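Peer 1: What follows is a structure written as structure tokens; I'll ask about it next.
The values are calculated or read from the model by the stated rules, or taken from the named source; none is laboratory data. Computed from a predicted structure; not experimentally measured. When we count neighbours, we look across all protein chains shown, and the Cβ atoms used for this are built from the backbone with ideal geometry, even at glycine.
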Amino acid sequence: MKESAKRILLCLLAGLLWVTAIAAAEPTVTAQPQATEEPTDSPKPAKGYVLVTTATQSGWLPLPEEGEVSYPLRQLLPNGTEAVNTIHLTPEGVYMEDSTCEGHDCVQQGEVTLDNRAERILGNMIICLPNQVTLQLYTPEELLEMVKGQ
């Protein structure tokens with residue numbers, strides 16, 4: 001597969017699946033990225049992608065090139081309560097900024113980065129058991145392998 005086709009596939013896949021997972025979320029940008037180059041027809045792929053999974057849906061969020069972004073993920077749990085997890089993306093990784101779960105274990109798991117995934121006990125994952133949310137950080141190459149395997 002040509003490199004440009006891979007880039008387009010990654011960007012389209014990440015963009016389309018992101019809408020599935022976080023369609024209702026209004027992101028909070030904590031550091032506004034600056035435009036440093038002219039827009040092109042072929043967007044650059046992200047350095048990494050986060051698979052966000054809940055009890056009822058899943059989707060992808062690309063890591064931002066610059067700055068940091070937070071996304072509130074709201075869902076209604078089977079017991080009728082609303083669960084809110086705030087996902088925070090940086091250019092290098094992801095962490096759970098806040099959660100309505102009792103123990104906040106997911107918040108205390110820290111940031112998963114492209115550099116520390118191998119050393120973390122949970123590897124590339126952050127898990128919020130009470131709210132039924134998982135975050136998994138993947139490289140573009142790993143994402144391509146996942147797409148090829150389907």
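Peer 1: Here's a check for you: in the stretch 29-78, which residue that is closer than 30 Å to P130 by Cα and among the β-branched types (V, I, T) is modelled with the lowest pLDDT?
Peer 2: In this case the residue turns out to be V29.
Peer 1: A further question on this structure: Which of the residues that make up the stretch 97-113 are at pLDDT 95 or above and either of a type in the set (D, E) or under 24 Å from P45 (Cβ atoms) (or both)?
Peer 2: Matches in the stretch 97-113: E97, D98, D105, E111, V112, T113.
Peer 1: Tell me which residues, restricted to the stretch 122-150, are out of contact with any strand residue (DSSP E or B) (no Cβ under 7 Å at 6 or more places or on another chain), free of Cβ contacts under 8 Å to residues at least 40 places away in the same chain and of a type in the set (A, V, I, L, M, F, W, C).
Peer 2: Passing the criteria: L122, L129, M146.
Peer 1: Only one of L137, L73 is hydrophobic (A, V, I, L, M, F, W, C) and within 16 Å of K47 (Cβ to Cβ); which?
Peer 2: L137
Peer 1: Looking for whichever is surrounded by 15 or more Cβ atoms within 10 Å (Cβ to Cβ), within 11 Å of the chain's Cα centre (by Cα) and over 11 Å from Y49 (Cα atoms) here; the options are V133, V112. Which one fits?
Peer 2: V112
Peer 1: Among what's in the stretch 58-106 and is assigned to a strand (DSSP E or B) and small (G, A, S), pick the residue that is surrounded by the most Cβ atoms within 10 Å (Cβ to Cβ).
Peer 2: Within the stretch 58-106, the first condition is being assigned to a strand (DSSP E or B), and the residues that meet it are 58-62, 69-76, 82-89, 93-99.
Restricting the remaining residues to those that are small (G, A, S) gives 58-59, 70, 83, 93, 99.
On the way: S58: 14, G59: 19, S70: 16, A83: 20, G93: 23, S99: 21.
Restricting to residues being assigned to a strand (DSSP E or B) and small (G, A, S), the top hit is G93.
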